[in-house]
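The values are calculated or read from the model by the stated rules, or taken from the named source; none is laboratory data. Small disclaimer: the values here were computed from a predicted structure and weren't measured. Heads up, the Cβs are rebuilt from the backbone with ideal geometry, glycines too, and the neighbour counts pull from every protein chain shown. Areas reflect the complete protein model, heavy atoms only, side chains present, ligands, DNA and RNA absent. Shrake-Rupley method; radii C 1.70, N 1.55, O 1.52, S 1.80 Å.
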Amino acid sequence: MTLLSRAWPHLLLASLCLGLASANVARPGWPAALAAVAVAGLAVVVRRSAWRLALLGVALLAAGWGWGSARLEAIDASPLSAQVGETAVARVV
């Protein structure tokens, strides 16, 4: 049993996490999501399992990058973003 045959779920999850983290460096937005769809569609057509796994990893990376960018844009548009860095006393019940 090869390492790739045992660790493929972890590799795919790592590529998704790397895509989410990449949104902190650059925010491509919708082009990354479209690239993810295109690469995932290509992965369906490919017959070799090693290439299919690599293409799915790239698709998950691009999807995570697009998703992370959308999340950060939503945080930037939040009405509470003006109060970032302020402190106050609060009573939470």
Subject >> Pair list, Cβ < 8 Å and 6+ apart or interchain, from segment 69-90 residues that are touching a residue at least 24 places away in the same chain (Cβ under 8 Å) to residues that are open to solvent by 100 Å² or more (accessible area, probe 1.4 Å) and in a loop (DSSP other than H, G, I, E, B) >> reply: Ser69/Arg27; Leu72/Asn24; Leu72/Arg27; Glu73/Arg27
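This table checks each residue for (1) open to solvent by less than 100 Å² (accessible area, probe 1.4 Å); (2) of a type in the set (A, V, I, L, M); (3) modelled with pLDDT of 90 or more; (4) in a helix (DSSP H, G or I).
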{"residue": "Ala14", "(1), (2), (3), (4)": "yes, yes, yes, yes"}
{"residue": "Ala21", "(1), (2), (3), (4)": "yes, yes, yes, yes"}
{"residue": "Arg47", "(1), (2), (3), (4)": "no, no, no, no"}
{"residue": "Gly66", "(1), (2), (3), (4)": "yes, no, no, yes"}
{"residue": "Ala82", "(1), (2), (3), (4)": "yes, yes, no, yes"}
{"residue": "Glu86", "(1), (2), (3), (4)": "no, no, no, no"}
**OP:** Report yes if Ala40 is more than 11 Å from Gly57 (Cβ to Cβ) and among the hydrophobic types (A, V, I, L, M, F, W, C), otherwise no.
**Re:** no
Original post:
Does any residue in segment 29-53 that is at positive phi come within less than 9 Å, Cβ to Cβ, of a residue that is open to solvent by less than 40 Å² (accessible area, probe 1.4 Å) six or more places away or on a different chain, and which pairs are these?
Top reply: Gly29/Gly66; Gly29/Ser69
Original post:
Which residue, of Ala23, Ala40, is under 30 Å from Ser5 (Cβ atoms) and touching a helix residue (DSSP H, G or I) at 6+ places or on another chain (Cβ under 7 Å)?
Top reply: Ala40
